[in-house]
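Remarks on the structure that follows.
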Amino acid sequence: MEQIGIFGGSFNPPHIGHIQAAEYAAAELGLSRVLLIPALEPPHKQLPPGTPTPAQRLEMLHLAVAGHPKLEVSDVELTREGTSYTCDTLRLLRQQHPQAEFTLLLGSDMFQIVDQWKNAEEILQNTRLAVFCRGGKRERELIGQMEQKLLSRGSSVAVLKNPITEISSTQMRRLLAFGCGEEFLPHGVGAYIRGNGLYDTNANWKNLPMEQLEQVVVRLLHPGRVRHVLGCRDTCVELARRWGADEQDAARAGLLHDITKALDGPLQLTLCAAYGKILDDFSRKYPKTLHALTGSLVAERIFGENERVVSAICSHTTGKANMNTLEKIVYVADYMEPNRDFPGVERLRSLAFSDLTAALKLGLEMTLEHLKNQGCEVSPQSAQALDCLK
Ligand code: FE
Ligand code: FE
């Protein structure tokens, strides 16, 4: 009996992680082919604004599977109207391939809720499941729990320990907006994206008016960080007014200060490499602190911000020696914006309006204390910043 894998998703855009996972599943499970099925409207998430048309997503997927004889693209969900439920897709595929057995390939997030899907019973009784396990301990536990639950109900489940390329479509879209990331795209897909100006690759974001800048920033941030960033912008403006700094600069620096924060450590390094930035040992060791540097690079090259804004973003996590007023403002505002809550924040807030330099010093001292308690190293810039305030 023919064994067919079914791999659904938004493929927005398709990246090498998708292709590697599909190839791995085919080899590991002895599938004669894997159908990659882009969803018209995924049931569990909304496609973000700016998503390419269904035809463009289909085209990208065709380019992505070229040279992979076991991988095929199916448009069954794109040619059907409304929400793309897997139960409907499976019914249709069974009619088309009455002699085949199907294995549904799932990411771990979807696998964990598979028993809540529409017509889950029907899916689980007739289809083998295979879940891609990314390997974190907590994730393995959750997968294990669902696996037990499904096995006890008579379903067939395989856990795939595929080597994973640490990239998601969401991160891919950010990298593309920042002008890099093509190494994560299958051959041909990058050129197609650029050729059609998809994912903001042709956007001109230089010197955007404030309102438009805010819209773009909100789109690129992790949704959980939006409140912090807007709070930081407002606080930057208040402090600029109090201390006579340029309010426009302050607002723009506040809005952009965490623009690359959603990228994890390895992707921070990817961005630095793409921008030709040579890193010191500390940054290589602690790539998470790099978002201040990468944020400043993106502010300069993608958003065309002036030197003052760029430099204030660059020093917002570590501080540096001899900070100017705007740099102090962004550092302190980031620390005390209205969504921040920690012991000492009120003292920092009142100090910020009576003595900005003292507030900066307090912020640096609290950070150093925190890092020491965590057993982490202090960045040389923070040490220098504090030294010159003593
Ligand atoms: Fe930050
Ligand atoms: Fe921040």
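The values are calculated or read from the model by the stated rules, or taken from the named source; none is laboratory data. Everything numeric here is computed off the predicted structure, so don't read it as measured data. Note that each Cβ is placed from the backbone with ideal geometry, even for glycine, and that neighbours are counted across all protein chains shown. With ligands, DNA and RNA removed, areas are computed over all heavy atoms of the protein, side chains included. Shrake-Rupley method; radii C 1.70, N 1.55, O 1.52, S 1.80 Å.
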> In whole angstrom, and with the biggest value first, how far do the Cα coordinates of the chain range along each principal axis?
Replying inline: 78, 45, 36
>> Let's see if you can work this out: charge +1 on each Lys and Arg Cβ, -1 on each Asp and Glu Cβ, no other charges. What is the dipole magnitude of the chain about its Cα centre, in debye to the nearest 20?
In response: 380
>> Given points 7 Å out from each Cα along the Cα-Cβ axis, report the residue 44 to residue 151 separation in nanometres with one decimal.
In response: 2.1
>> At 1.4 Å probe radius, can you tell me the per residue accessible area of the chain in Å²?
In response: 47
> Round to a whole number: what % of the accessible area of segment 201-278 belongs to carbon and sulfur, probe 1.4 Å?
Replying inline: 47
>> Between segment 62-95 and segment 147-161, what is the separation of their alpha carbon centroids in Å?
In response: 24
> Got the relative contact order for segment 252-390 handy, in percent, Cα pairs under 8 Å and 6 or more residues apart?
Replying inline: 22
>> Looking at the chain as a GNM with Cα springs under 10 Å, which of 24, 286, 199 has the largest mean-square fluctuation?
In response: 286
> Just by accessible area at a 1.4 angstrom probe, what is the order of 88, 280 from largest to smallest?
Replying inline: 280, 88
> Which value in nm describes the separation of the simple spin-label points at residue 70 and residue 32, placed 7 Å from the Cα toward the beta carbon?
Replying inline: 1.4
> Among all helices in the chain defined by DSSP H, which have a length of 18 Å or more along the axis from Cα atoms plus a Kyte-Doolittle mean of at least 0.0?
Replying inline: 16-29, 356-373
>> Just to make sure I understand: if all protein chains stay in place, what is the order of 138, 225, 174, 301 by accessible area at 1.4 Å, largest first?
In response: 138, 301, 225, 174
> Which of the GluC sites (Glu not before Pro) found in segment 127-199 are in a DSSP loop and have at most 16 neighbouring Cβ atoms, other than their own, within 10 Å?
Replying inline: 166
> For residue 118, which aspartates and glutamates qualify as cross-link partners when the Cα separation must be under 12 Å and same-chain residues fewer than eight apart are set aside?
Replying inline: 88
> Which of the lysines could a cross-linker span from residue 277 if the Cα-Cα distance has to be under 24 Å and same-chain partners fewer than 8 positions apart are dropped?
Replying inline: 206, 261, 285, 288, 320
> Straight-line reach from residue 137: which lysines have a Cα under 17 Å away, not including same-chain ones fewer than 8 places off?
Replying inline: 161
> By the scheme Lys and Arg +1, Asp and Glu -1, what is the net charge of all other residues having a beta-carbon under 15 Å from that of residue 277?
Replying inline: -1
> For the chain, what is the relative contact order in percent, using Cα pairs closer than 8 Å and at least 6 residues apart in sequence?
Replying inline: 13
> Taking a 1.4 Å probe, which of 57, 308, 252 shows the most accessible area, and what order do the others take after it?
Replying inline: 308, 252, 57
